[in-house]
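K.L.:
The structure follows.
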Amino acid sequence: MSNTLLTDSSHNHQHCINDALKSAEKICQQKNIRLTPIRRRIFELVWSNHKAVGAYELLETLHLEDPKAKPVTIYRALDFLLKAGLVHKIQSLNAFIGCLKPEIAHHSVLLICNQCQKTDEIEAQQAYDNIYQLAEKNSFMPQHISLELHGCCKNCQLT
Ligand SMILES: [Zn+2]
Ligand SMILES: [Zn+2]
Ligand SMILES: [Zn+2]
């Protein structure tokens with residue numbers, strides 16, 4: 001999983017949004033699920049930058065476009081996007097981030113910068129395997145694991 005798009009602060013983010021939308025459309029087509037205009041809009045808003053965004057923030061932005069937008073609309077759309085694997089939920093922040101590789105099944109660790117709030121994701125199948133093994137050894141049946149690291153990103157370490 002590449003993190004090049006996060007290390008280049010001057011990157012053209014419109015490309016990221018366009019790419020994300022393109023793969024979201026493809027995935028929805030493959031899974032035979034519908035990326036309705038509101039789901040698409042919420043997805044775009046989640047992708048408006050590389051920072052985690054909360055449901056309340058999304059509602060505020062959506063309200064500017066549609067004063068009648070309701071929280072339930074946001075939650076339903078987010079639920080759809082989560083199930084489709086297009087976004088990840090950051091449990092520790094109760095926020096959302098667009099998935100960088102939605103076309104591939106993956107277990108990733110989210111890297112969240114405390115300074116610039118950028119969130120990256122790196123594939124970490126081995127870490128998950130280790131945790132599953134540990135759980136099994138302790139006769140525990142895990143239903144959900146989320147690995148989130150809070151710290152300082154490459155860019156912020158330089159400044
Ligand atoms: Zn970008
Ligand atoms: Zn992902
Ligand atoms: Zn940073």
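Readers should treat all values here as calculations from the given coordinates under stated rules, not as data from a laboratory. This is a predicted model, so every value here is computed, not measured. With ideal geometry, Cβ positions are generated from the backbone for all residues, glycine too; neighbour counts draw on all protein chains shown.
K.L.:
Within a 10 angstrom radius of the beta carbon, how do Lys26, Lys137, Lys118 rank from fewest other beta carbons to most?
P.N.:
With the fewest neighbours first, Lys26, Lys137, Lys118 line up as Lys137, Lys26, Lys118.
K.L.:
A further question follows. Using helices alone, I'd like the mean residue ellipticity at 222 nm for the chain: each DSSP H run of four-plus residues gives -39500 (n - 2.57), total over residue count, nearest 500.
P.N.:
That calculation yields -14000 deg cm²/dmol at 222 nm.
K.L.:
Take the chain, connect every pair of alpha-carbon atoms lying under 10 Å apart with a spring to form a Gaussian network, then pick out the residue of Glu44, Glu136, Glu25 with the largest mean-square fluctuation.
P.N.:
The residue with the greatest mean-square fluctuation here is Glu136.
K.L.:
On to the next question. Could you pull out every residue, at least 5 positions away or on a different chain, whose amide H is within less than 5 Å of the one on Phe96? Hs are placed 1.01 Å off N in the peptide plane, and Pro or chain starts have none.
P.N.:
Close amide H contacts, sequence-distant or interchain: Val53, Gly54, Ile90.
K.L.:
Still on this model: Among Ile90, Ile104, Ile38, which comes first, then next, by fewest other beta-carbon atoms within 10 Å?
P.N.:
Least to most surrounded, the residues fall as Ile104, Ile38, Ile90.
K.L.:
Compute the FRET efficiency between Glu136 and Val109 as 1/(1 + (r/R0)^6), taking r as their Cβ-Cβ distance and R0 = 30 Å, and round to the nearest 0.05. Show your work: numbers first, answer last.
P.N.:
Working: r = 20 Å, r/R0 = 0.68.
Efficiency, rounded to the nearest 0.05: 0.90.
K.L.:
GNM on the chain, C-alpha springs below 10 Å: top fluctuator among Lys83, Lys51, Lys68?
P.N.:
Highest fluctuation of the listed residues: Lys68.
K.L.:
Take the chain, connect every pair of alpha-carbon atoms lying under 10 Å apart with a spring to form a Gaussian network, then pick out the residue of Thr36, Thr73, Thr119 with the largest mean-square fluctuation.
P.N.:
Highest fluctuation among the options: Thr36.
K.L.:
Can I ask one more? Aspartates and glutamates near Lys89 by alpha-carbon distance under 14 Å, same-chain residues fewer than 8 away left out - which ones?
P.N.:
Asp79, Asp120, Glu121, Glu148
K.L.:
Follow-up. What percent does the relative contact order of the chain come to when contacts are Cα pairs within less than 8 Å and at least six residues apart?
P.N.:
Result for the chain is 23 percent.
K.L.:
Please state the shape class of segment 102-159: rounded when a/c is under 1.5, otherwise prolate if a/b exceeds b/c and oblate if not, all from the C-alpha gyration tensor.
P.N.:
Cα axes put segment 102-159 in the prolate bin.
K.L.:
Taking neighbour counts of Cβ atoms within 10 Å as a proxy for exposure, in what order, fewest first, do His107, His150 appear?
P.N.:
Listed from fewest to most nearby Cβ atoms, that is His150, His107.
K.L.:
Just to check I understand the Karplus step: with θ = phi - 60° and J = 6.51 cos²θ - 1.76 cosθ + 1.60, what whole-Hz values come out for segment 85-92, glycine and proline as x?
P.N.:
With the stated coefficients, segment 85-92 comes to x, 8, 10, 10, 9, 9, 4, 5 Hz.
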